[in-house]
Amino acid sequence: MTIPVLTFFNNKGGVGKTSLVYHLAWILSQTGHRVLTCDLDPQANLSAAFLDEEQLETLWKGENGDKGETIFKCVKPLSEVGDLLPPALQEITPALNLVPGDLALSGFEDELSAEWPKALDSGNLHRPFRILTSFWTVMQKGAEEMGATVILADVGPNLGAINRSALIATDCVIVPLGVDLFSLQGLRNLGPTLKRWRTDWTKRRENWPSPAFPLPEGKMEPLGYIVQQYGVRLSRPVKAYDKWVNRMPEEYAKKLETGGRSPFPASPQEDENCLATVKHYRSLIPMGQESRKPIFDLTAADGAIGSHAAATQEARQDFQALAKLITDRAGLISTLPETPAPLSS
């Protein structure tokens, strides 16, 4: 049995995607799931959220002959004459592990690009498919090792070969959005790209009807979108953003759903595809980064006093509710509260 992979993806950067993956990984691991996170972004921002610089330097410089200390070191032998290395998981907690990222991963892009057309050849298909499915294989091996119930993957904001292979490995796609023109345009680019990748991967799978090893299905099922990092005044979005945020339901339905329906919801709050509108929690983010904790675990010793203490509890309620909705839609067994507090809006 394979473990479901949830990938958080938008080709527009700066929408809080990595922070979202980080906090959802923590809340899921605290509420009954065993979570493997995988950093497939060559910028390795998710790894930097979990690990300090000394730990990262050791991983990037170190050599482990039996296991790959980063995602790049796991796949690197494929660029030479070897095979995949199993990942050396970083245990954040017993229920939360990480396959660290690596800035060197960007060098694997050319290898992935070169093998994509070869997967449609009539010759030996072992090498093309081994390379194209390498991320999925590494994640599944890591999930098996730690007994994970779900895999969360963080990817960079682009439509290149690395992300294509990451999406091949994906069961469900969650789209984080900022409230601006650039996120709207990113949504317009993302939908057609996912459909093309899904179709192209199906053709390649059909071209190797008796594979020598398991292959991912490449479902890439859109699970919904999350509106993040909006400004708030009196618990309502700043009015200037309304013209962008209220266009998200139509664009999402048209670009990511099969046959977008009409009439479209007037706002994300009325849209079933909108998983949540999540506050920025601006003052808590630096505290969390300094303490290397999720914002809902901050204590008075970390500086979370007064209104900050109240905000940490609000953040926990928001992320619990979001995690519950995601696990329900993805069909994952969840032990989250049956009636979580409502999301902030």
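The values are calculated or read from the model by the stated rules, or taken from the named source; none is laboratory data. Bear in mind the structure is a predicted one, so any value in this text is a computation, not a measurement. Backbone-built Cβ (ideal geometry, glycine too); neighbour counts: all protein chains shown. Please note that ligands, DNA and RNA were not included when accessible areas were found on the heavy atoms of the full protein model with its side chains. Shrake-Rupley method; radii C 1.70, N 1.55, O 1.52, S 1.80 Å.
Could you tell me which of the pairs Lys17/Lys118; Lys73/Lys293; Lys67/Lys324; Lys141/Lys195 are separated by over 29 angstrom between their Cα atoms in the structure shown?
Working: Lys17/Lys118 32 Å; Lys73/Lys293 27 Å; Lys67/Lys324 34 Å; Lys141/Lys195 27 Å.
Over 29 Å Cα-Cα: Lys17/Lys118; Lys67/Lys324.
Within the straight-line cut-off of under 18 Å between alpha carbons, the aspartates and glutamates reachable from Lys219 are Asp154, Asp171, Asp200, Glu206, Glu257, Asp328, sequence neighbours fewer than 8 places apart in one chain being disregarded. Solvent-accessible surface of the chain, averaged per residue with a 1.4 angstrom probe and all protein chains in place: 43 square angstrom.
Count charges around Ile3 for me, please; just the other residues with Cβ under 14 Å from its Cβ, Lys/Arg as +1, Asp/Glu as -1.
Details: positive: Arg34, Lys141, Lys219; negative: Glu144, Glu145, Asp171, Glu217.
Combined, the nearby Lys, Arg, Asp and Glu give -1.
Scalar couplings 3J(HN,Hα) for the range 290-299, obtained by applying the Karplus form with A = 6.51, B = -1.76, C = 1.60 to θ = phi - 60°, are 5, 8, 6, 9, x, 5, 7, 9, 5, 10 Hz; x denotes Gly and Pro. Counting only protein chain heavy atoms and rolling a 1.4 Å probe, the accessible areas of Lys254, Lys324 rank, largest first, as Lys254, Lys324. Accessible-area rank, largest first, for Ile71, Ile3: Ile3, Ile71, with all protein chains present and a 1.4 angstrom probe.
Once percent of Cα pairs over 32 Å apart is worked out from the coordinates, which option in [x] 25; [y] 29; [z] 37 does it equal? Label of the calculated value: [y]. For Gly224, the residues whose modelled amide H falls within less than 5 Å of its own, excluding neighbours fewer than 5 places apart on the same chain, are Val175.
Per DSSP H run of n ≥ 4, the term is -39500 (n - 2.57); total these for the chain, divide by its residue number, and report the mean residue ellipticity at 222 nm rounded to 500 deg cm²/dmol.
Values: 13 runs with 143 residues, N = 345.
So the calculated ellipticity at 222 nm is -12500 deg cm²/dmol.
Mean-square fluctuations from a GNM of the chain, with a 10 angstrom spring cutoff on Cα atoms, peak among Glu54, Glu217, Glu115 at Glu54.
The figure for Glu57 is an accessible area of roughly 100 square angstrom, using a 1.4 Å probe on the protein chains alone. Between Ala212, Ala276, Ala88, the residue with the greatest mean-square fluctuation in the GNM of the chain (Cα pairs under 10 Å linked by springs) is Ala212.
Where the accessible area of the range 117-226 is counted over protein heavy atoms with a 1.4 Å probe, how much of it, in %, is carbon and sulfur? Each step should come with its number before you reach the end.
Details: 2020 of 3970 Å².
The C+S portion of the solvent-accessible surface of the range 117-226 is 51 percent.
Rounded to the nearest 5, the antiparallel percentage of DSSP beta bridges internal to the range 34-159 is 25%.
Taking θ as phi - 60° and the Karplus parameters 6.51, -1.76 and 1.60, the scalar couplings of the range 176-186 work out to x, 10, x, 10, 7, 4, 5, 5, 4, 5, x Hz in sequence order, x denoting glycine and proline. Taking the DSSP bridge list for the chain and keeping only pairs wholly inside it, about 15 percent are antiparallel.
A simple rule links phi to the HN-Hα coupling: the Karplus curve 6.51 cos²θ - 1.76 cosθ + 1.60 with θ = phi - 60°, which for the range 80-92 gives 10, 10, x, 10, 4, 9, x, x, 8, 5, 9, 7, 7 Hz, with x for Gly and Pro.
Each of Lys67, Lys118, Lys61, Lys73 has its accessible area taken with a 1.4 Å probe; listed largest first, they run Lys61, Lys118, Lys67, Lys73. Can you give me the % of accessible surface on the range 14-56 that is carbon or sulfur? Probe 1.4 Å, all protein chains present, nothing else counted. Reported share for carbon and sulfur atoms: 45 percent.
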